[in-house]
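The values are calculated or read from the model by the stated rules, or taken from the named source; none is laboratory data. The structure presented is a predicted model; accordingly, all values stated were derived computationally and were not measured. Virtual Cβ from ideal backbone geometry, glycine too; neighbours counted across all protein chains shown.
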Amino acid sequence: MPVHSRSVVNRLFEAPAIGRMAPASALIVYGLLAVWTAVVCFPLYWILITSLKSAADVNGGPVYLPWIDFTPSLHAWRELLLIDYEDTLRSYLNSIVIAVLSTLLCISVGSMAAYALARMTYRPKFGNILMFVLVMIAAFVVIGKLGVDWKLAVSVALAVWFLLVRSIGRHFTKSVGNADILFWMISQRILPPIVTVVPIYIMFQNLRMLDTHLALILTYAVVNLPIVVWLMYDFMNGIPLELEESAQLDGASRFRTFWEIILPLAKPGLAATTLLVLILAWNEYILAVFLTTSNAQTIPILVSAMNAGERGILWWSMCVVIIVMIIPVVFMAIVLQRFISKGVLLGAVKG
């Protein structure tokens, strides 16, 4: 039917060409997207304008439009970035160093573990695992009750476990597989952090590593490791095995195959997982508040200190810190956007 002979209703509700939406459909779709975008962005807008308000504007009631409802002021930015810049800068740099290094360590170890679980079959005997747990519990009891040096106690415990495995380990028949290992790893993430924070605190206290960057880097990496393994396992498992077999026929080692073939193909999954782990490490509070006091204090601790200030909650100053906090995460999301979108689509069409 010629375009000029189509009725107004047909022009509104029929697509003008293949691959294009009808005007009415486009209006509805983009209208809903605009409304949802406004809903999602409004909290960010509210944080931004609150950082520009004075105490009277914040406590006097909701005002929304700068230069119309209120006069913007940079007093909160000036106070935080010029007057208290030492605490802010130290906390900010601590968060960057701890979050980035813990994420790199977690991604490096987790991606290799995921590859191993996807390509190798493990059949550890349940009895050997149980003996290891019992021996290590005995070592910790000896360390806590008798004050034995932890290096000596752990070394003796490992030697005893090795001898037990060599002597009676062959009599065990029941074993666990890769699926059991994956489930056990993700179950460690399901466990609330508050349950493990006290043993972690005692461990680092005995090691004299409290309030250090290394303590938080190792803790964050271990806590987020199950997420990396669980997510990267699907990406590794989806890569065709024939590519690795061809590389092995050409003489490539297992590590070279992983580094030059698997990792480049798993870039979308690595990008999405890296961003998720970085956000988790950047926003982590419970472990940081127990393991740090001043030297390794992170940005979430600084925000918490503002909440507990003597002058009450300084909403304007807190909003400034929040804006500064989200800048690195937004930057990382922009840099990794194309890889993240590929990773999401790959997970959507898998299977």
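List of remarks:
- Checked against the criterion of being closer than 25 Å to Ile107 by Cα, of a type in the set (A, V, I, L, M) and touching a residue at least 24 places away in the same chain (Cβ under 8 Å), region 202-215 contains one or more residues that satisfy it.
- Unique residue being over 22 Å from Ala99 (Cα atoms), aliphatic (A, V, I, L, M) and modelled with pLDDT of 85 or more when the list is Ile168, Ile217: Ile168
- Some residue of region 18-26 being at negative phi, part of a helix (DSSP H, G or I) and without any contact (Cβ under 8 Å) to a residue 12 or more places away in the chain: yes
- Taking the criterion of being more than 30 Å from Arg256 (Cβ to Cβ), in contact with a Gly (Cβ under 9 Å, 6 or more places away or on another chain) and not hydrophobic (A, V, I, L, M, F, W, C), the residues of region 116-161 that qualify are Lys125, Gly127, Asn128.
Per-residue answers, yes or no, for (1) more than 25 Å from the chain's Cα centre (by Cα); (2) at pLDDT 80 or above; (3) of a type in the set (A, V, I, L, M); (4) not assigned by TED's automatic domain parsing to the domain that holds Ala281:
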site: Trp36; (1), (2), (3), (4): yes, yes, no, yes
site: Lys53; (1), (2), (3), (4): yes, yes, no, yes
site: Ser102; (1), (2), (3), (4): no, yes, no, no
site: Ala114; (1), (2), (3), (4): no, yes, yes, no
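- Within region 83-189, helices (runs of 4 or more DSSP H) holding 2 or more residues that are touching a residue at least 60 places away in the same chain (Cβ under 8 Å): 85-119
- Among (1) closer than 17 Å to Met318 by Cβ; (2) among the hydroxyl-bearing types (Ser, Thr, Tyr); (3) surrounded by 15 or more Cβ atoms within 10 Å (Cβ to Cβ) - the single one Thr103 does not satisfy: (1)
- Subset of region 215-251 (residues that are surrounded by fewer than 13 Cβ atoms within 10 Å (Cβ to Cβ) and either part of a loop (DSSP other than H, G, I, E, B) or in contact with an Asp or Glu (Cβ under 7 Å, 6 or more places away or on another chain) (or both)): Pro240, Asp250, Gly251
- Under the condition of being hydrophobic (A, V, I, L, M, F, W, C) and either touching a strand residue (DSSP E or B) at 6+ places or on another chain (Cβ under 9 Å) or surrounded by fewer than 18 Cβ atoms within 10 Å (Cβ to Cβ) (or both), the residues counted in region 117-131 number 4.
- Qualifying residue in region 59-81 (condition: in a helix (DSSP H, G or I) and more than 26 Å from Val329 (Cα to Cα)): yes
- Residue pairs whose Cβ atoms lie under 7 Å apart, separated by 6 or more positions or on different chains, with the first residue in region 59-71 and closer than 15 Å to Trp316 by Cβ and the second part of a helix (DSSP H, G or I) and at pLDDT 80 or above, are Val63/Asp57; Pro66/Ile49; Phe70/Asp57.
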